[in-house]
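Here's the structure, in structure tokens; my notes come after.
Every number here is computed from the coordinates shown, using simple stated rules; none is lab data. The structure presented is a predicted model; accordingly, all values stated were derived computationally and were not measured. Using ideal geometry, Cβ is built from the backbone for each residue, glycine included, and neighbour counts are taken over all protein chains shown.
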Amino acid sequence: MSKPVIATTSLAGCFGCHMSLLDIDERILKLIELVEFNKSPIDDIKTFTKAVDIGLIEGGCCNSENVEVLKSFRKNCKILVSVGECAIMGGLPALRNGIPIEECLHEAYIGGPTVQLNTEGVMPNDDELPMLLDRVYPCHEIVKIDYFLPGCPPRADLIWEAVVALVTGDPLKLPYEVVKFD
Amino acid sequence: MENTVKQLVEKYGNDRSRLMDILIDIQETTGYINSEAIEEIAQLLAMSRIDVEQTITFYHFFSTKPKGKYAVYLNTSPVAYMFGREAVKETFEKELGIKFGDVTKDGLVGLYDTPCIGMNDQEPAAIINHKIFTRLTPYRVREIVKLMKEGKNMDELRNESYGDGKNHLPSLRSMVSSNIRRKGMILSDDYQSGTVIRDFLPKMSPESVIAEIKHSHIRGRGGAGFPTGLKWEFCRRAKGSKHYVVCNADEGEPGTFKDRVILTEKPELVFEGMALAGYAIGGDEGILYLRYEYRYLNNYLLEVLQNMRDNNLLGKNISGIEGFDFDIRIQFGAGSYVCGEETALLESLEGKRGEPRDKPPFPVEKGYLGQPTIVNNVETFATAVRIVQNGGEWFTQFGTEDSTGTKILSISGDCMFPGVYEVNWGFNVEDMLNMVGAYEVQAVQVGGPSGTLIGPEEFHRTLGYSDLSTGGSMIIFNKQRNLLRDVVVNFMEFFIDESCGSCSTCRNMTQVLNNKLKKILVGKGVPKDLIDLKSWSKNLIASRCGLGQTAANPIISSLKNFPHLYSALIQKDKQFDEGFDMEKAIQASCTYVGRVPNLNHH
């Protein structure tokens, strides 16, 4: 039987959850024995090349590209897992949610104290750029999410335990030290 | 300004724990608390500026910007909406040319929303400069706006007749009605104020007072139902340099207003109960923590307290008992529901943000200023007096075995006779509905938003700690009302606004659940959403206080008792509906940066 396939992505996140995944230390060797990676920054495969069993999503959706990627994950993965605060709640990027998008853009490109070179007040509007959403959305408000791993980032042990449980079908061990919301 | 601030801070003895009083005085004299005043307070009290600011920003009646010469606070409780709030709001906005949340350009009038102000039996109601205006109509609003524009004073604005009961007294002169519909041991007129202090206490030891309270099996009337006698005993035994008696009159649970009525009609009974408690626990200082919405009661209550001092019912060697010293001061809140939680209340009493404390230690061990403190509800203190007068045994004949005595209910909503009713515990809901003249009842919200929403199948249930527990709020909805849209969402938004933000569960999960509920209401819900609502709401148990732990109750109880309302809105054939509209979501940013949305491109 071929090994289960995993894909990962970081949407509006900081890659901290991916770092946490790497924090499983020497267990990474066991992981490679257990699973095969497809689309993921870890092996740098850019597009899905086969059907995937488990998709791990870091980050919420702040622009149109995030939404597209997330939807492609839903299409190609049997199980989707929201990994970390940003995927689950929007996280730090969602701090802008109470502020109108116009104000955010103005602050970033025109009015902010560190803006010095943009004397003509140019706004990034190239067609190649992703389009910003009105607010940052948690992943489960865009596609169906099957599991949620809380934390900022989730402990390496939690990600490890969850992936192993999904792959082997064994019950998930969740001692309280492992599940943290911060 | 500096002078005033300095005088004020001195007036409160340069005491940090009196920050609330200092801020209230400044807010009332200048209409807001400006940056210089904050700096000045911080320096005089040797606090950091941010410590002053965090107290200011926690309470919604404090403001760092001018609130308008007339600050209008219009109640947002569901009952206000049921009785015409929308028209009242629109008239205010039309007549003044501003939206709620704004101040007119000339600084004359500010319009604000505010959660339940304890007038559910006379809605729509508003607070204008600490005075209550009840039963507002568009006509009345036009009248008020005209008078405000003419610069009339508050008495001229209130050109209506006074409410019933004691509301006509010179120190009150309020148009609020007490609406007492049924009297029991607390609201009855057969008690002569001071009887217990004068005739009973000289013959009783503090221990025997506690013994009578314990024997009566009275439980706290605020809602949590902790045995009062036990609380007093724990506090008496706790070691401390001083013991405090705190009366919780923060009554913020939407739909409850009975404490307002007790404090209007029977304040002497409450204060006597506090003195009695002081005698029992060995404390000489009592504090009435009163919600700012009831600021209009201030002069009246101060007068009552002075009267009691004049009659030696408060003060030194009360009623000739050597060493029985007790006095009471009033501490106002400044608009915060969570301050009804006893440890949040204590934080607020100390001049801080009203964030609940971790427990244990409980207030009976470490309460106000770290000293042993009892915090009891207004009604509990009033009841304690009648217990000591008549004996614990006498008290147990009222009510049921596990819920002795009477309970004062605040009944509002769709009924002919809203108001307060003092009933024996064990009263059933059906009887209650008949008593108040309710018709075509669809549902009753028992115990406010943190309580339960029940339907006709459960109207046989009885009021008591073992069945339907309640702090007294009863809101009746008839068959015309849209329960989910007008009640459940309103209550969820109330909790979202009033969460202190300390626990992530309460701060976030309330939002998440409410978003899901709104998604269901616009027809985008799927069966899984209902499962999510149920299972996700369980996380709230991890919150530190009762507000967070009960914040999903509007959803949980309506899901349980009115599942058909939800299932009618659910798309049964769909597994998932994101309710997400990409075109809409990118519109604003594209317009702002000047680009044509192109979704096919990506």
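Quick look at the numbers
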item	result
Residue-averaged [θ]222 nm for the protein assembly as shown, counting only DSSP H segments that reach four residues, each worth -39500 (n - 2.57)	-10000 deg cm²/dmol
Antiparallel %, DSSP beta bridges [both residues in chain B], to 5	45
Rounded to 10°, Cα long-axis angle of helix B:85-96 versus longest principal axis of chain B	80
Rg/Rh for segment B:482-602, where both radii come from Cα atoms and Rh is the Kirkwood radius	1.07
For segment B:378-419 versus segment B:474-521, the gap between their alpha-carbon centres in whole angstrom	30
DSSP-loop chymotrypsin sites (Phe, Trp or Tyr not before Pro) across segment A:123-182, with at most 12 other Cβ within 10 angstrom	A:TYR176
Across A:LYS50/A:LYS71; B:LYS352/B:LYS534; B:LYS479/B:LYS518, pairs whose alpha-carbon gap is larger than 24 Å	B:LYS352/B:LYS534
Within straight-line cross-link reach of B:LYS316, aspartates and glutamates at Cα separation under 16 Å, skipping those fewer than 8 residues along the same chain	B:GLU272, B:ASP284, B:GLU285, B:ASP325, B:ASP327
Principal semi-axes in Å for segment B:182-395 [√(5λ), Cα gyration tensor, largest first]	23, 20, 17
Which of B:GLU341, B:GLU253 has the fewest Cβ neighbours within 10 Å, and the rest in rising order	B:GLU253, B:GLU341
Residue-span extension gain [B:ASN307 to B:SER161] - 0.36 nm each, minus C-alpha spacing	49.9 nm
Within-14-Å neighbourhood charge of B:VAL338 [Cβ basis; K, R +1; D, E -1]	-3
Net charge dipole size for segment B:362-465 [Lys, Arg +1 and Asp, Glu -1 on Cβ; Debye, nearest 20]	420
Dimensionless Rg over Rh [segment B:70-160; C-alpha; Kirkwood]	0.92
Over segment B:2-58, relative contact order from alpha-carbon pairs under 8 Å, at least 6 apart, %	36
Filter on A:LYS173/B:LYS538; A:LYS39/B:LYS528; B:LYS519/B:LYS574 - keep pairs with C-alpha separation over 25 Å	A:LYS39/B:LYS528
Alpha-carbon gyration tensor eigenvalues x 5, square-rooted, for chain B, Å	39, 31, 25
Estimated D of the protein assembly as shown in µm² per second, where Rh is the Kirkwood radius over Cα pairs and Stokes-Einstein applies at 4 °C, 1.567 mPa s	44
Exposed GluC sites (Glu not before Pro) absent - longest run of chain A, DSSP non-H/G/I/E/B, at most 16 other C-beta within 10 Å	A:27-119
Antiparallel content of DSSP bridges confined to chain A, in %, to 5	20
Size descriptor, Kirkwood hydrodynamic radius, that averages inverse alpha-carbon separations across segment B:406-479, Å	11.8
Only Lys, Arg (+1) and Asp, Glu (-1) charged, at Cβ; chain B dipole about Cα centre in debye	980
Surrounding net charge for B:LEU108, when Lys and Arg each add one and Asp and Glu each subtract one, Cβ distance under 10 Å	+2
Segment B:382-472: GluC sites (Glu not before Pro) in DSSP loop, at most 15 other beta carbons within 10 Å	B:GLU401, B:GLU440
Selected from B:VAL52, B:GLN122, B:LEU433, residue furthest toward positive end of dipole (the protein assembly as shown; charges at beta carbon)	B:LEU433
Debye log10 I(q)/I(0) for segment A:1-159, one point scatterer per Cα, at q = 0.09, 0.19, 0.20 Å⁻¹	-0.34, -1.16, -1.24
Rounded Å value of the spacing that divides the Cα centres of segment B:435-457 and segment A:46-72	47
Local electrostatic count at A:GLU103 - Lys and Arg +1, Asp and Glu -1, tallied over other residues with Cβ under 15 Å	-1
Cα convex hull volume per residue for segment B:230-328 (Å³)	108
Normalised contact order of chain B, rounded percent, pairs of Cα under 8 Å and 6 or more residues apart	13
Net charge dipole size for segment B:461-602 [Lys, Arg +1 and Asp, Glu -1 on Cβ; Debye, nearest 20]	220
Ranked B:SER161, B:SER499, criterion: other C-beta atoms within 10 Å, fewest first	B:SER161, B:SER499
For B:GLN442, residues with placed amide H under 5 Å, excluding near neighbours	B:PHE477, B:ASN478, B:LYS479
Lys pairs under 29 Å by Cα in segment B:141-289, provided they are eight or more residues apart or on distinct chains	24
Alpha-carbon gyration tensor eigenvalues x 5, square-rooted, for segment B:389-432, Å	25, 11, 6
Fewest-first ranking of A:ARG135, B:ARG140, using other Cβ atoms within 10 Å as the exposure measure	B:ARG140, A:ARG135
Under 5 Å, built H, 5+ apart or other chain: amide partners of B:SER63	B:ILE33
DSSP-assigned coil residues among trypsin sites (Lys or Arg not before Pro) in segment B:530-600, each with at most 11 further Cβ atoms within 10 Å	B:LYS572
For segment B:562-596 and segment B:226-281, distance of Cα centres in Å	50
